[in-house]
Structure formats: C-alpha cells, structure tokens
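The block underneath contains the structure these notes are about, expressed in structure tokens.
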C-alpha cells in the first residue's frame with residue numbers, strides 16, 4: 001500500500017496466470033492456518049474462562065450474539081470491499097482500486113463509532129433480557145466482559161480493514177501473519193490477565209476481554225505495516241478525500257446482504273439462548289461450547305473462502321470462466337474433507353471435547369448427545385458455505401442472504417421452539433440438521449441459476 005501516487009502495475013496479477021491448484025493453495029492455505037489459530041484461540045479462551053466457573057463460561061457464551069454482530073459488520077463490509085477491489089484489479093481499473101480502499105477506511109471508521117455508542121447503551125439490557133432472574137453473577141460478569149469488547153472494538157475494525165486490502169490483492173500470507181500475531185498475543189495474555197500472573201492483578205472475565213482487545217490491536221497494526229511495505233498495488237491517500245457515494249453503494253450492495261446474513265446469526269444465537277435458558281443455564285453453556293468447538297472445523301473453511309473470493313471475483317472481472325469453475329470445484333472437494341473430519345470428531349469424541357472446558361456431570365449429560373446430533377449438519381454445510389462464497393464473489397450476496405434468512409430464522413428457530421415444547425431439551429438439537437437440509441436445497445437452486453446466467457455466458461479464457 002503506497003502512500004504516494006504510483007503507476008499502475010504492468011505485470012499480470014498472479015490471480016490471472018498462476019495454475020489454479022497452486023493459486024488456490026497459495027491464496028487459501030495462509031488464511032486457513034490463520035483462521036485455524038483464531039479458532040484455537042476461541043477454544044483456549046473459553047477453556048481459561050471455564051476454569052473460573054461455569055457461570056463465567058455462560059456469561060461469555062451469552063455475549064456471542066453482540067460479538068457476532070460486530071464481526072458481521074466488519075467481515076460483511078470486507079466482503080464488499082474485497083469483491084470490488086479484486087474485480088477492479090481484474091479490469092485493470094487502478095483508480096477505482098485506490099478509491100475503494102480510501103472509502104473502505106471511511107466506512108470502517110463510522111462502523112467503530114456505531115459500536116462505541118452501542119457499547120455504552122445496550123449491554124446491560126441485552127444481558128438482562130436473556131438471563132432475567134437466572135443469575136445476577138452471570139449478568140455482572142457478562143456486562144463487564146462485553147462492555148470492554150464493544151467499547152474497544154477499534155482494534156477489530158482496523159484488523160478487518162487492513163487484512164481485506166491484503167487479501168484483495170492476493171497477499172494472503174501477510175494477512176496470515178497479522179492474524180497469527182493477534183491470536184498468539186491473545187493466547188499468551190489470557191492466563192496472565194485472567195488469573196493475575198507475572199505480578200498483575202487477577203481480572204477474571206475482564207482480563208479475557210482485555211486480552212481479546214489487545215490481540216485485535218496487535219493484528220491491526222501488523223496488517224497495516226504489511227500493507228505499507230508490501231502492498232504496492234494499492235495507493236492509499238486521504239488528501240482531499242470526499243466520500244464517494246457510488247463506490248460506497250457498490251461496496252454495500254455486496255456488503256449489506258453479507259452483514260445482514262451474518263447478523264442473522266446474532267438473532268439466531270440470542271433466540272436459541274432464550275429457548276435453552278428455560279431448561280437451564282448449563283444448556284446455554286453447552287450451546288456456547290458447541291460454537292467454540294465447531295469454529296475449529298469451520299474457521300479453516302472460512303479461511304479458504306477468504307482465499308478463493310478474490311480469485312473468483314478476479315476471474316469474473318477478467319472474463320475467465322475456466323479458471324473460475326476450476327476454483328469452485330477444488331474448493332468444494334477441500335470443504336467436504338474438512339467438515340467430514342469435523343463430523344467424525346463430534347460423533348466419536350464428544351465427551352473428550354466437552355472435557356476440555358471442565359464440563360460438569362450435568363454439562364456432559366446434556367452436551368454429549370447434543371454434539372452428536374448437531375454434528376450431522378456438517379455433512380451438508382460444506383456445500384452451502386462454498387455456494388454462499390460464490391454468490392458473494394460474483395456480486396450476488398442477496399442469494400446468500402435469502403439462504404441464511406430461511407435457514408436461521410424461517411426454519412431453525414421455529415423448529416427449535418416447537419421441538420422444545422414437544423420433545424424437550426434433547427429434541428431441540430435436531431433443529432440444526434433440519435435447517436441445514438433446507439439450506440442445501442435453496443443453495444443448489446441459486447447456484448444453478450448463477451451458473452446459467454453469469455458463469456456459463458463468460459468466455460472460456462485461459463486455463
């Protein structure tokens with residue numbers, strides 16, 4: 001990322017010439033590794049919190065909807081920036097590349113201001129609405145944790161912004177470096193701040209929140225430095241900057257459906273917590289642990305998605321159908337292998353997985369059958385995730401939105417509520433495989449439409 005005007009690169013971007021298998025490997029593997037470390041951090045973080053108490057684990061688990069909302073805005077905006085930047089590179093429109101980068105920074109700054117305000121205003125009512133009178137300790141710890149994370153969310157927005165600039169130009173290795181630096185910082189600081197090691201005071205869940213924020217800031221700084229030193233394809237300058245409504249609109253045309261799609265996860269999680277807490281706070285803790293565990297298998301897949309999104313968008317801009325189709329097919333094969341492994345772990349070792357979080361006897365009794373039932377949806381989700389990535393990369397994120405709304409709001413929550421009344425807690429978990437079947441059906445219909453109307457008409461292009 002240059003800070004002065006430079007000439008447009010004269011060499012062909014590697015996304016247009018490198019053999020597809022090697023390109024997907026080079027673009028995706030660094031992201032997959034970094035996301036795997038991120039998932040490992042999520043698990044380690046919850047393991048340390050679980051050492052405090054089950055109430056502490058529940059409090060942090062209940063923060064997930066608003067944390068997901070923060071990530072949804074950051075990641076969804078990044079999807080829009082990614083798609084427009086990579087497509088502009090494919091079209092050799094370097095002015096639009098630079099304008100997209102500067103307007104993206106403006107959008108992220110506004111996003112932080114929004115969450116700063118929300119951090120002061122809604123955290124207490126958010127917890128009170130979920131927990132009610134179940135436990136004042138859970139409310140107090142949760143408010144403490146979530147307030148810090150939201151008020152200091154400037155780190156995660158900086159991280160998203162600078163990493164998206166790197167991935168958009170194919171420099172995923174540096175994005176991996178930034179994510180690794182943040183995750184490792186977080187993992188190191190967690191026990192120190194939570195339990196008061198190295199002469200520091202014992203902070204409990206507040207320590208976990210502070211470690212999270214510091215890790216995000218470190219990742220953001222590293223990603224910024226990598227852009228300045230290595231990202232020569234983007235010239236970022238704010239001299240005389242004025243927001244460009246057309247570019248911001250194009251970013252959000254892809255980004256808003258993605259934001260809404262991921263935000264639906266917040267609504268889903270909040271609603272599931274409300275259903276589960278009527279049975280016990282332990283059931284809610286099991287649900288939170290499930291999300292941490294499933295991230296270990298899903299996050300590498302999302303990392304691959306981050307790697308293939310710019311490839312697909314670049315091929316679309318460069319009119320290269322053959323390379324695009326090869327990329328999609330290869331990603332489908334890899335995603336199936338990843339989630340098949342996850343399915344096996346959930347079915348064969350649920351007790352071992354829950355034991356990492358210092359699960360009580362009651363938590364094991366609820367959690368072991370829960371993981372085995374929910375794990376079934378891994379066998380379907382791989383296809384739906386890749387299909388959603390294709391929709392977003394080709395500027396049709398509204399299809400991903402439709403699938404997500406139907407899966408998580410139209411099907412999952414109503415089915416979970418109905419099963420909770422008819423079959424009790426054990427039956428609730430079957431809502432996940434049922435919802436995934438619907439997602440598979442709609443994703444297939446949308447992907448066939450995308451292929452016929454967008455992909456097939458493209459010129460075959462180079463191999």
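The length gained on full extension between residue 238 and residue 140, counted as 0.36 nm times the residue separation minus their Cα-Cα distance, comes to 31.0 nm. The mean sequence separation of alpha-carbon pairs under 8 Å and at least six residues apart, normalised by the residue count of the chain, gives a relative contact order of 25 percent. Measure out, as a whole number of angstrom, how far apart the alpha-carbon centroids of the range 272-301 and the range 115-153 sit. Computed from Cα coordinates, the inter-centre distance equals 18 Å. The label point for residue 114 and the one for residue 53, both projected 7 Å from the Cα toward the Cβ, are 3.6 nm apart. Fully extending the segment from residue 341 to residue 92, taken as 0.36 nm per residue of separation minus the present Cα-Cα distance, adds 85.6 nm.
Report note on the peptides 115-123, 265-273, 280-288, 252-260: ranked by the mean count of other C-beta atoms within 10 Å, highest first, their order is 280-288, 252-260, 265-273, 115-123. Simple spin-label estimate for residue 456 and residue 200 gives 5.8 nm between the two label positions (7 Å along the Cα-to-Cβ direction from each Cα).
What does the C-alpha gyration tensor say about the overall shape of the range 141-277? Classify as rounded when a/c is under 1.5, otherwise prolate if a/b is larger than b/c, or oblate. Oblate, because a/c is 1.5 or more while a/b does not exceed b/c.
One chain, two ends: residue 124 and residue 358. Fully extended at 0.36 nm per residue, the span grows by 81.5 nm beyond their Cα-Cα distance.
Classification of the range 13-138 by its C-alpha gyration tensor yields an oblate form. The axis ratio a/c (a ≥ b ≥ c) is 1.5 or more, and b/c is at least a/b. For the Cα trace of the range 56-122, dividing Rg by the Kirkwood Rh returns an Rg/Rh value of 1.16.
Name the shape class, rounded, prolate or oblate, that the alpha-carbon gyration tensor gives for the range 223-356, where a ≥ b ≥ c are the square roots of its eigenvalues, rounded holds for a/c under 1.5, and otherwise prolate holds if a/b is larger than b/c and oblate otherwise. Prolate. To the nearest ten degrees, helix 205-230 and the longest principal axis of the Cα atoms of the chain are 10 degrees apart. Once both axes come from the Cα atoms, what is the angle between helix 321-348 and the longest principal axis of the chain, in degrees from 0 to 90, rounded to 10? Once rounded, one gets 10 degrees. Modelled spin-label separation between residue 319 and residue 184, with each label point placed 7 Å from Cα along the Cα-to-Cβ direction: 4.6 nm. Express the Stokes-Einstein translational diffusion coefficient of the range 303-455 in µm² s⁻¹, to the nearest whole number, given a Kirkwood radius over alpha-carbon pairs, 20 °C and a viscosity of 1.002 mPa s. Translational D for this selection: 126 µm²/s. In degrees between 0 and 90, to the nearest 10, how far off the longest principal axis of the chain does helix 361-374 point, with axes built from Cα atoms? The angle comes out at about 40 degrees.
The numbers here are math on the coordinates, done by the rules we state, and not lab data. Note that the coordinates shown come from a computational prediction; the quantities given were computed from them, not determined experimentally. Neighbour counts are summed over all protein chains in view; Cβ atoms, including those assigned to glycine, are modelled from backbone coordinates with ideal geometry.
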